[in-house]
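Here's the structure we're looking at; comments come further down.
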Amino acid sequence: MTTESAAGVDARPQGPELVPGPRGVPLLGNLPQFGKDPLAFFELLRERGEMVGWRFGRTSCVFLTEPDHIGELMREIEGTFDQPDLGIAFRTVMGNGVTVAKGGDWRRKRSLVQPSVRPKQVKSYAQTMASCAIEVAESWSDGRRIDIKREMATLTRRIAVSTIFGVDTESDSEAIGEAMEVALKEIGAEFSGLGAVLPDWVPTPGRARIKKAAAVIDAEVARIVAAHRDAPDERPDLLSQLLTAQDETGARLTDVEIRDEAVTLYIGGHETTSSTLVWAWHLLSRNPGARAALGEELDRVLGDRDPGFEDYADLPYAQAVVKETLRLYPTIWLLTGLAKEGASIGGRPIPKGTRVWSSQWATHRDARWYKDADAFRPERWAGVEGEEIPEYAWFPFGGGPRVCLGARFAMVEAVLILAVIARRFELLVDQEEIRPVPSLTLQPDREVTAMVRGRTG
(Lines give C-alpha, C1' and ligand atoms only; values in the text may rest on other atoms or scores of the structure.)
Protein backbone atom coordinates (compact mmCIF):
# COMPACT_ATOMS: atom_id res chain seq x y z
CA MET A 1 0.00 0.00 0.00
CA THR A 2 1.41 3.42 -0.88
CA THR A 3 1.99 6.19 1.63
CA GLU A 4 -0.72 8.31 0.04
CA SER A 5 -3.38 5.62 -0.11
CA ALA A 6 -2.60 4.54 3.46
CA ALA A 7 -3.51 8.01 4.68
CA GLY A 8 -6.51 8.28 2.42
CA VAL A 9 -4.97 11.12 0.39
CA ASP A 10 -4.74 11.49 -3.40
CA ALA A 11 -1.85 9.36 -4.70
CA ARG A 12 -0.99 11.67 -7.62
CA PRO A 13 2.65 12.85 -7.28
CA GLN A 14 1.90 16.56 -6.81
CA GLY A 15 3.14 18.94 -4.16
CA PRO A 16 5.19 17.86 -1.15
CA GLU A 17 5.63 14.19 -0.31
CA LEU A 18 3.11 12.72 2.08
CA VAL A 19 4.87 10.42 4.54
CA PRO A 20 3.20 7.86 6.82
CA GLY A 21 2.78 8.46 10.52
CA PRO A 22 2.94 5.80 13.23
CA ARG A 23 0.99 2.61 12.66
CA GLY A 24 -2.41 2.78 14.30
CA VAL A 25 -4.83 0.16 15.63
CA PRO A 26 -8.07 -1.07 14.05
CA LEU A 27 -11.05 1.32 14.32
CA LEU A 28 -9.26 3.79 16.62
CA GLY A 29 -6.29 4.51 14.37
CA ASN A 30 -3.74 6.68 16.21
CA LEU A 31 -6.26 7.93 18.77
CA PRO A 32 -4.76 5.94 21.71
CA GLN A 33 -1.31 7.42 21.02
CA PHE A 34 -2.74 10.90 20.57
CA GLY A 35 -4.87 10.63 23.70
CA LYS A 36 -2.00 9.43 25.88
CA ASP A 37 0.21 12.46 25.13
CA PRO A 38 -1.00 14.76 22.32
CA LEU A 39 2.02 17.08 22.54
CA ALA A 40 4.57 14.27 22.24
CA PHE A 41 2.52 12.72 19.44
CA PHE A 42 2.59 15.97 17.45
CA GLU A 43 6.35 16.26 18.01
CA LEU A 44 6.72 12.72 16.69
CA LEU A 45 4.73 13.62 13.57
CA ARG A 46 6.80 16.78 13.11
CA GLU A 47 9.98 14.74 12.82
CA ARG A 48 8.49 12.58 10.05
CA GLY A 49 8.28 15.29 7.37
CA GLU A 50 6.38 18.28 5.95
CA MET A 51 3.10 16.38 5.56
CA VAL A 52 2.35 13.31 7.63
CA GLY A 53 -0.61 10.97 7.26
CA TRP A 54 -2.34 9.49 10.33
CA ARG A 55 -5.81 8.51 11.53
CA PHE A 56 -8.02 10.06 14.21
CA GLY A 57 -10.34 7.16 14.86
CA ARG A 58 -11.63 6.30 11.39
CA THR A 59 -10.95 9.77 9.97
CA SER A 60 -8.04 10.23 7.57
CA CYS A 61 -5.76 13.04 8.74
CA VAL A 62 -2.76 15.03 7.54
CA PHE A 63 -0.40 16.84 9.89
CA LEU A 64 1.43 19.96 8.62
CA THR A 65 4.85 21.12 9.80
CA GLU A 66 5.83 23.79 7.22
CA PRO A 67 4.78 27.38 8.09
CA ASP A 68 3.79 28.06 4.46
CA HIS A 69 1.43 25.08 4.49
CA ILE A 70 0.04 26.04 7.91
CA GLY A 71 -0.63 29.55 6.63
CA GLU A 72 -2.40 28.12 3.59
CA LEU A 73 -4.65 26.05 5.84
CA MET A 74 -5.46 29.06 8.04
CA ARG A 75 -6.28 31.27 5.06
CA GLU A 76 -8.51 28.63 3.49
CA ILE A 77 -10.65 27.77 6.53
CA GLU A 78 -13.56 29.74 5.04
CA GLY A 79 -12.66 28.63 1.51
CA THR A 80 -11.61 25.11 0.56
CA PHE A 81 -11.46 23.98 4.21
CA ASP A 82 -14.28 23.97 6.73
CA GLN A 83 -14.28 24.58 10.46
CA PRO A 84 -14.61 21.04 11.89
CA ASP A 85 -16.95 19.97 14.63
CA LEU A 86 -14.94 19.85 17.87
CA GLY A 87 -17.36 17.61 19.73
CA ILE A 88 -20.40 17.78 21.97
CA ALA A 89 -18.47 19.00 25.02
CA PHE A 90 -17.10 21.98 23.09
CA ARG A 91 -20.52 22.78 21.56
CA THR A 92 -22.25 22.55 24.93
CA VAL A 93 -20.04 25.28 26.39
CA MET A 94 -19.29 27.46 23.35
CA GLY A 95 -22.66 27.16 21.64
CA ASN A 96 -22.52 28.56 18.12
CA GLY A 97 -20.32 31.59 18.80
CA VAL A 98 -17.94 33.21 16.37
CA THR A 99 -15.24 30.56 16.90
CA VAL A 100 -17.68 27.77 15.91
CA ALA A 101 -20.07 29.36 13.38
CA LYS A 102 -19.52 28.83 9.67
CA GLY A 103 -20.08 30.61 6.38
CA GLY A 104 -22.51 33.52 6.32
CA ASP A 105 -23.44 33.00 9.96
CA TRP A 106 -19.77 33.33 10.93
CA ARG A 107 -19.28 36.46 8.79
CA ARG A 108 -22.34 38.12 10.35
CA LYS A 109 -21.27 37.32 13.91
CA ARG A 110 -17.69 38.39 13.32
CA SER A 111 -18.86 41.77 12.00
CA LEU A 112 -20.99 42.23 15.12
CA VAL A 113 -18.35 41.13 17.64
CA GLN A 114 -15.25 42.72 16.09
CA PRO A 115 -16.03 46.36 17.06
CA SER A 116 -16.04 45.42 20.75
CA VAL A 117 -12.35 44.39 20.65
CA ARG A 118 -10.89 47.06 18.37
CA PRO A 119 -7.86 49.02 19.65
CA LYS A 120 -10.04 51.92 20.83
CA GLN A 121 -12.13 49.57 22.95
CA VAL A 122 -9.11 47.67 24.28
CA LYS A 123 -7.64 51.02 25.35
CA SER A 124 -10.78 51.70 27.40
CA TYR A 125 -10.34 48.34 29.21
CA ALA A 126 -6.66 48.88 30.01
CA GLN A 127 -7.35 50.88 33.19
CA THR A 128 -9.42 48.00 34.59
CA MET A 129 -6.66 45.53 33.72
CA ALA A 130 -4.01 47.60 35.50
CA SER A 131 -6.21 48.48 38.49
CA CYS A 132 -7.12 44.84 39.16
CA ALA A 133 -3.44 43.86 38.90
CA ILE A 134 -2.42 46.66 41.30
CA GLU A 135 -4.97 45.48 43.85
CA VAL A 136 -3.59 41.94 43.70
CA ALA A 137 0.03 43.10 43.90
CA GLU A 138 -0.69 45.31 46.89
CA SER A 139 -2.18 42.35 48.75
CA TRP A 140 1.17 40.53 48.55
CA SER A 141 4.22 41.12 50.73
CA ASP A 142 7.91 40.26 50.66
CA GLY A 143 8.49 36.65 51.74
CA ARG A 144 4.92 35.49 51.21
CA ARG A 145 4.28 32.15 49.49
CA ILE A 146 1.53 32.15 46.88
CA ASP A 147 -0.17 29.76 44.47
CA ILE A 148 0.48 31.60 41.19
CA LYS A 149 -2.03 29.53 39.25
CA ARG A 150 -4.81 30.45 41.65
CA GLU A 151 -3.71 34.10 41.94
CA MET A 152 -3.55 34.63 38.16
CA ALA A 153 -6.86 32.84 37.62
CA THR A 154 -8.55 35.03 40.23
CA LEU A 155 -7.02 38.18 38.75
CA THR A 156 -7.87 37.52 35.10
CA ARG A 157 -11.33 36.23 36.04
CA ARG A 158 -12.05 39.50 37.79
CA ILE A 159 -10.82 41.48 34.78
CA ALA A 160 -12.97 39.34 32.49
CA VAL A 161 -16.21 39.72 34.44
CA SER A 162 -15.60 43.46 34.75
CA THR A 163 -14.64 44.21 31.13
CA ILE A 164 -16.97 41.67 29.52
CA PHE A 165 -19.98 41.55 31.83
CA GLY A 166 -19.63 44.90 33.58
CA VAL A 167 -19.91 43.43 37.08
CA ASP A 168 -17.27 43.52 39.77
CA THR A 169 -18.30 41.41 42.72
CA GLU A 170 -16.54 38.33 44.05
CA SER A 171 -19.73 36.27 43.88
CA ASP A 172 -20.21 37.02 40.17
CA SER A 173 -16.59 36.17 39.47
CA GLU A 174 -16.61 32.91 41.43
CA ALA A 175 -19.91 31.53 40.11
CA ILE A 176 -18.93 31.90 36.47
CA GLY A 177 -15.28 30.98 37.10
CA GLU A 178 -15.95 27.72 38.91
CA ALA A 179 -18.40 26.53 36.25
CA MET A 180 -15.98 27.48 33.48
CA GLU A 181 -13.15 25.59 35.18
CA VAL A 182 -15.19 22.39 35.21
CA ALA A 183 -16.36 22.90 31.64
CA LEU A 184 -12.91 23.53 30.19
CA LYS A 185 -11.42 20.54 31.99
CA GLU A 186 -14.13 18.26 30.58
CA ILE A 187 -13.69 19.63 27.05
CA GLY A 188 -10.02 18.70 27.17
CA ALA A 189 -10.71 15.27 28.65
CA GLU A 190 -13.30 14.43 26.02
CA PHE A 191 -11.30 15.72 23.09
CA SER A 192 -8.21 13.63 23.81
CA GLY A 193 -10.01 10.51 25.02
CA LEU A 194 -12.54 8.03 23.71
CA GLY A 195 -15.23 10.69 23.96
CA ALA A 196 -13.77 12.13 20.78
CA VAL A 197 -15.17 9.20 18.76
CA LEU A 198 -18.30 8.41 20.80
CA PRO A 199 -21.66 9.47 19.29
CA ASP A 200 -23.25 12.52 20.91
CA TRP A 201 -26.09 10.47 22.37
CA VAL A 202 -23.78 8.26 24.46
CA PRO A 203 -23.96 9.43 28.10
CA THR A 204 -20.73 9.67 30.09
CA PRO A 205 -19.94 11.10 33.55
CA GLY A 206 -17.89 13.84 31.90
CA ARG A 207 -20.76 14.86 29.65
CA ALA A 208 -23.06 15.00 32.67
CA ARG A 209 -20.60 17.29 34.47
CA ILE A 210 -20.28 19.58 31.50
CA LYS A 211 -24.06 19.88 31.12
CA LYS A 212 -24.33 20.88 34.75
CA ALA A 213 -21.56 23.46 34.39
CA ALA A 214 -23.10 24.85 31.20
CA ALA A 215 -26.43 25.27 32.99
CA VAL A 216 -24.72 27.41 35.64
CA ILE A 217 -22.99 29.48 32.95
CA ASP A 218 -26.27 29.95 31.07
CA ALA A 219 -28.11 31.07 34.21
CA GLU A 220 -25.37 33.53 35.24
CA VAL A 221 -25.08 35.08 31.80
CA ALA A 222 -28.88 35.33 31.48
CA ARG A 223 -29.07 37.10 34.85
CA ILE A 224 -26.37 39.59 33.90
CA VAL A 225 -27.91 40.25 30.47
CA ALA A 226 -31.27 40.91 32.11
CA ALA A 227 -29.64 43.39 34.49
CA HIS A 228 -28.05 45.19 31.54
CA ARG A 229 -31.37 45.44 29.72
CA ASP A 230 -33.03 46.89 32.82
CA ALA A 231 -30.30 49.52 33.30
CA PRO A 232 -30.93 52.65 31.22
CA ASP A 233 -27.38 53.96 31.46
CA GLU A 234 -24.87 53.20 28.73
CA ARG A 235 -22.02 50.94 29.92
CA PRO A 236 -18.50 50.53 28.51
CA ASP A 237 -18.29 46.74 28.90
CA LEU A 238 -18.20 44.23 26.04
CA LEU A 239 -21.63 42.83 26.84
CA SER A 240 -23.20 46.26 26.34
CA GLN A 241 -21.45 46.50 22.98
CA LEU A 242 -22.95 43.15 21.97
CA LEU A 243 -26.43 44.16 23.12
CA THR A 244 -26.46 47.24 20.90
CA ALA A 245 -24.60 45.82 17.86
CA GLN A 246 -26.60 45.65 14.62
CA ASP A 247 -25.86 43.95 11.32
CA GLU A 248 -26.39 45.52 7.87
CA THR A 249 -30.12 44.73 8.04
CA GLY A 250 -30.51 46.36 11.46
CA ALA A 251 -30.94 43.00 13.20
CA ARG A 252 -29.32 42.44 16.58
CA LEU A 253 -27.91 39.35 18.27
CA THR A 254 -30.46 37.14 20.00
CA ASP A 255 -30.10 36.35 23.71
CA VAL A 256 -28.71 32.91 22.80
CA GLU A 257 -26.18 34.48 20.43
CA ILE A 258 -25.18 37.03 23.07
CA ARG A 259 -24.65 34.22 25.55
CA ASP A 260 -22.42 32.34 23.09
CA GLU A 261 -20.29 35.38 22.24
CA ALA A 262 -19.97 36.44 25.88
CA VAL A 263 -18.72 32.97 26.84
CA THR A 264 -16.28 32.98 23.91
CA LEU A 265 -14.91 36.38 24.94
CA TYR A 266 -14.71 35.30 28.58
CA ILE A 267 -12.57 32.26 27.74
CA GLY A 268 -10.33 34.38 25.52
CA GLY A 269 -9.98 37.14 28.12
CA HIS A 270 -9.54 34.94 31.18
CA GLU A 271 -8.48 31.38 30.53
CA THR A 272 -5.81 32.05 27.91
CA THR A 273 -4.24 35.04 29.67
CA SER A 274 -4.25 33.33 33.05
CA SER A 275 -2.33 30.30 31.80
CA THR A 276 0.06 32.48 29.77
CA LEU A 277 0.98 34.46 32.90
CA VAL A 278 1.55 31.31 34.95
CA TRP A 279 3.99 30.04 32.32
CA ALA A 280 5.63 33.47 32.10
CA TRP A 281 6.39 33.57 35.86
CA HIS A 282 7.64 29.99 35.65
CA LEU A 283 10.03 30.87 32.80
CA LEU A 284 11.22 34.17 34.32
CA SER A 285 11.95 32.42 37.61
CA ARG A 286 14.27 29.98 35.83
CA ASN A 287 15.98 32.65 33.72
CA PRO A 288 17.52 35.37 35.94
CA GLY A 289 18.96 37.22 32.93
CA ALA A 290 15.55 37.66 31.37
CA ARG A 291 14.09 38.65 34.75
CA ALA A 292 16.79 41.32 35.16
CA ALA A 293 16.25 42.64 31.61
CA LEU A 294 12.52 42.96 32.26
CA GLY A 295 13.15 44.78 35.53
CA GLU A 296 15.55 47.19 33.82
CA GLU A 297 12.97 48.08 31.17
CA LEU A 298 10.22 48.61 33.74
CA ASP A 299 12.46 50.85 35.88
CA ARG A 300 13.53 52.88 32.85
CA VAL A 301 10.09 53.33 31.31
CA LEU A 302 7.84 53.46 34.36
CA GLY A 303 10.04 54.53 37.25
CA ASP A 304 7.85 54.46 40.34
CA ARG A 305 4.47 54.57 38.57
CA ASP A 306 2.21 51.84 37.26
CA PRO A 307 1.60 51.27 33.54
CA GLY A 308 -1.31 52.38 31.42
CA PHE A 309 -2.31 51.64 27.84
CA GLU A 310 -0.04 54.40 26.55
CA ASP A 311 2.98 52.51 27.95
CA TYR A 312 2.29 49.31 26.03
CA ALA A 313 4.26 50.34 22.95
CA ASP A 314 7.20 51.45 25.11
CA LEU A 315 7.60 48.02 26.73
CA PRO A 316 9.04 45.89 23.89
CA TYR A 317 10.89 43.52 26.21
CA ALA A 318 7.75 42.86 28.25
CA GLN A 319 5.94 42.16 24.99
CA ALA A 320 8.78 39.83 23.98
CA VAL A 321 8.47 37.96 27.29
CA VAL A 322 4.79 37.33 26.50
CA LYS A 323 5.53 36.36 22.88
CA GLU A 324 8.29 33.97 23.94
CA THR A 325 6.03 32.47 26.60
CA LEU A 326 3.33 31.93 23.97
CA ARG A 327 5.95 30.30 21.76
CA LEU A 328 7.04 27.76 24.36
CA TYR A 329 3.64 27.29 26.03
CA PRO A 330 0.96 28.29 23.50
CA THR A 331 -2.42 28.36 25.21
CA ILE A 332 -4.09 27.13 22.02
CA TRP A 333 -1.98 24.15 21.03
CA LEU A 334 -3.69 22.84 17.88
CA LEU A 335 -5.73 24.02 14.93
CA THR A 336 -7.54 21.86 12.43
CA GLY A 337 -9.61 22.11 9.26
CA LEU A 338 -11.81 19.75 7.26
CA ALA A 339 -11.14 19.49 3.53
CA LYS A 340 -13.93 20.39 1.10
CA GLU A 341 -14.14 19.40 -2.55
CA GLY A 342 -11.12 20.78 -4.43
CA ALA A 343 -8.94 21.37 -1.34
CA SER A 344 -5.17 21.28 -1.63
CA ILE A 345 -2.11 22.18 0.42
CA GLY A 346 1.16 23.13 -1.24
CA GLY A 347 -0.26 21.94 -4.56
CA ARG A 348 -1.11 18.46 -3.24
CA PRO A 349 -4.83 17.60 -3.56
CA ILE A 350 -6.50 16.77 -0.25
CA PRO A 351 -9.58 14.54 -0.59
CA LYS A 352 -12.87 15.84 0.75
CA GLY A 353 -13.42 14.81 4.38
CA THR A 354 -9.72 14.63 5.27
CA ARG A 355 -8.92 16.42 8.52
CA VAL A 356 -5.81 18.58 8.30
CA TRP A 357 -4.01 19.49 11.52
CA SER A 358 -1.33 21.89 12.70
CA SER A 359 0.08 22.35 16.19
CA GLN A 360 1.46 25.51 17.74
CA TRP A 361 3.27 23.38 20.28
CA ALA A 362 5.18 21.39 17.65
CA THR A 363 5.82 24.27 15.24
CA HIS A 364 6.87 26.78 17.91
CA ARG A 365 9.55 24.36 19.14
CA ASP A 366 10.87 23.40 15.70
CA ALA A 367 14.65 23.90 15.50
CA ARG A 368 14.36 24.73 11.80
CA TRP A 369 12.70 28.05 12.68
CA TYR A 370 14.24 28.84 16.08
CA LYS A 371 17.80 28.83 17.35
CA ASP A 372 17.93 27.10 20.75
CA ALA A 373 14.30 26.17 20.18
CA ASP A 374 13.69 24.88 23.70
CA ALA A 375 15.35 27.87 25.40
CA PHE A 376 13.49 30.87 26.81
CA ARG A 377 15.04 33.82 24.98
CA PRO A 378 12.75 36.86 24.74
CA GLU A 379 15.52 38.76 22.96
CA ARG A 380 15.03 36.52 19.91
CA TRP A 381 12.08 38.74 18.95
CA ALA A 382 14.28 41.80 18.48
CA GLY A 383 16.42 42.70 15.46
CA VAL A 384 17.40 40.39 12.62
CA GLU A 385 16.64 37.13 14.41
CA GLY A 386 13.02 38.11 14.95
CA GLU A 387 12.66 39.20 11.33
CA GLU A 388 13.93 35.83 10.10
CA ILE A 389 11.24 33.81 11.88
CA PRO A 390 8.81 32.74 9.13
CA GLU A 391 5.21 33.84 9.17
CA TYR A 392 3.13 31.04 10.70
CA ALA A 393 6.12 29.65 12.57
CA TRP A 394 4.48 31.59 15.45
CA PHE A 395 0.69 31.54 15.47
CA PRO A 396 -0.66 31.40 19.05
CA PHE A 397 -3.79 33.28 17.95
CA GLY A 398 -4.35 31.32 14.76
CA GLY A 399 -4.39 33.24 11.50
CA GLY A 400 -6.20 33.93 8.28
CA PRO A 401 -9.81 35.15 8.33
CA ARG A 402 -10.51 33.32 11.59
CA VAL A 403 -7.62 34.80 13.56
CA CYS A 404 -8.58 35.28 17.21
CA LEU A 405 -10.51 38.52 17.61
CA GLY A 406 -9.25 38.96 21.16
CA ALA A 407 -5.53 38.75 20.31
CA ARG A 408 -4.78 42.41 21.08
CA PHE A 409 -6.92 42.32 24.23
CA ALA A 410 -4.93 39.29 25.44
CA MET A 411 -1.52 40.80 24.63
CA VAL A 412 -2.28 44.15 26.29
CA GLU A 413 -3.75 42.43 29.34
CA ALA A 414 -0.78 40.09 29.77
CA VAL A 415 1.82 42.85 29.32
CA LEU A 416 0.10 45.27 31.74
CA ILE A 417 -0.33 42.60 34.43
CA LEU A 418 3.27 41.49 33.97
CA ALA A 419 4.47 45.10 34.26
CA VAL A 420 2.42 45.92 37.35
CA ILE A 421 3.62 42.88 39.28
CA ALA A 422 7.21 42.62 37.99
CA ARG A 423 7.82 46.29 38.83
CA ARG A 424 7.23 45.41 42.49
CA PHE A 425 8.24 41.78 42.88
CA GLU A 426 10.22 38.84 41.62
CA LEU A 427 8.34 35.55 41.87
CA LEU A 428 10.64 32.63 42.69
CA VAL A 429 8.76 29.58 41.49
CA ASP A 430 9.42 26.25 43.19
CA GLN A 431 11.81 24.08 41.20
CA GLU A 432 9.68 20.95 40.87
CA GLU A 433 8.94 19.98 37.29
CA ILE A 434 5.73 21.43 35.86
CA ARG A 435 4.26 19.54 32.92
CA PRO A 436 1.85 21.08 30.40
CA VAL A 437 -1.54 19.41 30.17
CA PRO A 438 -3.42 19.98 26.89
CA SER A 439 -7.07 20.60 27.65
CA LEU A 440 -8.97 23.33 25.79
CA THR A 441 -5.90 25.42 26.65
CA LEU A 442 -2.41 24.38 27.76
CA GLN A 443 -2.44 24.22 31.56
CA PRO A 444 0.14 23.34 34.26
CA ASP A 445 -0.43 19.87 35.66
CA ARG A 446 -0.51 21.05 39.28
CA GLU A 447 -0.55 24.13 41.46
CA VAL A 448 2.40 26.45 40.90
CA THR A 449 3.75 27.89 44.15
CA ALA A 450 6.28 30.68 44.48
CA MET A 451 8.02 32.93 46.97
CA VAL A 452 7.29 36.63 46.59
CA ARG A 453 10.47 38.72 46.78
CA GLY A 454 10.31 42.51 46.77
CA ARG A 455 12.48 44.30 44.23
CA THR A 456 14.94 46.86 45.52
CA GLY A 457 15.79 48.50 42.23
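The values are calculated or read from the model by the stated rules, or taken from the named source; none is laboratory data. Because the structure is predicted, anything quoted here is derived from the model rather than measured. Quick reminder, even Gly has a Cβ in these numbers, built from the backbone with ideal geometry, and neighbours come from all protein chains shown.
From the list ARG286, ARG305, which one is in contact with a strand residue (DSSP E or B) (Cβ under 9 Å, 6 or more places away or on another chain) and of a type in the set (D, E, K, R)?
Only one candidate qualifies: ARG286.
What do you reckon, is ALA375 within 26 Å of ALA313 (Cα to Cα) and in a loop (DSSP other than H, G, I, E, B)?
yes
Name the residues in region 63-100 that are outside any helix (DSSP H, G or I) and either among the hydroxyl-bearing types (Ser, Thr, Tyr) or in contact with a Gly (Cβ under 6 Å, 6 or more places away or on another chain) (or both), would you?
Within region 63-100, THR65, ILE77, THR80, PHE81, THR99 meet the criteria.
Given the structure, is ARG75 within 19 Å of TRP394 (Cα to Cα), surrounded by fewer than 19 Cβ atoms within 10 Å (Cβ to Cβ) and in contact (Cβ under 8 Å) with a residue 60 or more places away in the chain?
yes
Which one is modelled with the lowest pLDDT, of the residues in region 428-457 that are among the β-branched types (Val, Ile, Thr) and part of a loop (DSSP other than H, G, I, E, B)?
THR456
Please specify each residue of region 268-315 satisfying the condition of being among the basic types (Lys, Arg) and assigned to a loop (DSSP other than H, G, I, E, B).
ARG286, ARG305
Which numbered condition in (1) modelled with pLDDT under 95; (2) closer than 18 Å to TRP333 by Cα; (3) surrounded by fewer than 17 Cβ atoms within 10 Å (Cβ to Cβ) is the only one that PHE56 fails?
Unmet for PHE56, out of (1) modelled with pLDDT under 95; (2) closer than 18 Å to TRP333 by Cα; (3) surrounded by fewer than 17 Cβ atoms within 10 Å (Cβ to Cβ): (3).
Return the residues of region 111-136 that are small (Gly, Ala, Ser) and more than 20 Å from GLU271 (Cα to Cα); say none if nothing qualifies.
The answer is SER111, SER124.
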